[in-house]
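This report concerns only the one structure given below.
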Amino acid sequence: MPAVESIRAESRDRAGKGAARATRRAGRVPAVIYGDKKEPTLISLDPKELDRLVHKKAFFATLLDVEIAGTKHRVLPRDVQFDPVFDKALHADFQRVNKDAKIHVNVPVVVKNEHASPGIKRGGVLNLVRHEIEFLCDPDNIPQQIVVDITGLDIGGSVHISSVELPKGATPTVRERDFTVVTIGAPSGLKAELEAAAQAAAAAAAAPAAG
């Protein structure tokens, strides 16, 4: 079962922009809990507590227990809006989690064993095609990260989702194709050499035909 973080909240009784601004003036962050066929619950959060969680890796794949007046609500973070100038949280959305229902969650991709990749050793450029992958999974089996091993991967090589070891109970939502997760591109100098060699080979192949 994935780790569950906790955060305290206070109820608020009014919705709307004016009420949200009033909450912020009081030094708190307005938020809402929705889903599971229940009425939305309006809450406010301590900005320091929220900030502590938001900047953790895989925040949006982390289960939270939001405690309101002694009652805990199991939720999954869905959105956090930030002030574009001061980078402060302005509003947060959380979805109730039903343990019997499948949920969609975006999981970050982590690359390992770069030191064991011939392509990286030759100066190749690591290209993370998918920084996150969306999965459908049980609440008790939310992966915190997807690890891609690039041992032995050379320049021009790639890793597709079919080659990645996936956590039990987690299924990619994109099922119709074997999409690329990571590639190793050629460095600019080598790329120029390869292009020149390809042009030379094409010219050499064309010469007999011209003759």
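The values are calculated or read from the model by the stated rules, or taken from the named source; none is laboratory data. Fair warning: this is a prediction, and the values are worked out from it, not measured in the lab. As a convention, Cβ positions derive from the backbone with ideal geometry for all residues, glycine included, and neighbour counts pool all protein chains shown. Only protein heavy atoms, including side chains, enter the accessible area calculation; ligands, DNA and RNA are left aside. Shrake-Rupley method; radii C 1.70, N 1.55, O 1.52, S 1.80 Å.
Among the residues of region 34-46, are any among the basic types (Lys, Arg) and in a loop (DSSP other than H, G, I, E, B)?
Checked against the condition, which is being among the basic types (Lys, Arg) and in a loop (DSSP other than H, G, I, E, B), region 34-46 yields at least one hit.
Kindly provide the set of residues from region 42-69 that are of a type in the set (Ser, Thr, Tyr) and at pLDDT 95 or above, ordered by number.
SER44
Kindly evaluate ARG24 against the criterion of being open to solvent by 30 Å² or more (accessible area, probe 1.4 Å) and either among the polar types (S, T, N, Q) or more than 25 Å from the chain's Cα centre (by Cα) (or both).
Yes; evaluated as a whole, the condition is true for this residue.
Mind checking which strands (runs of 3 or more DSSP E) fall wholly inside region 76-187 and carry at least 2 residues that are exposed (fewer than 13 other Cβ atoms within 10 Å of the Cβ) and of a type outside the set (Asp, Glu)?
Passing ranges, in order: 103-112.
Given the criteria over 17 Å from the mean Cα position of the chain (by Cα), farther than 30 Å from THR41 by Cα and aliphatic (A, V, I, L, M), does ILE120 qualify?
Spelling it out, ILE120 is indeed over 17 Å from the mean Cα position of the chain (by Cα), farther than 30 Å from THR41 by Cα and aliphatic (A, V, I, L, M).
Go through (1) surrounded by 16 or more Cβ atoms within 10 Å (Cβ to Cβ); (2) of a type outside the set (A, V, I, L, M, F, W, C); (3) more than 20 Å from THR71 (Cα to Cα) for SER44 and report which single condition fails.
(3)
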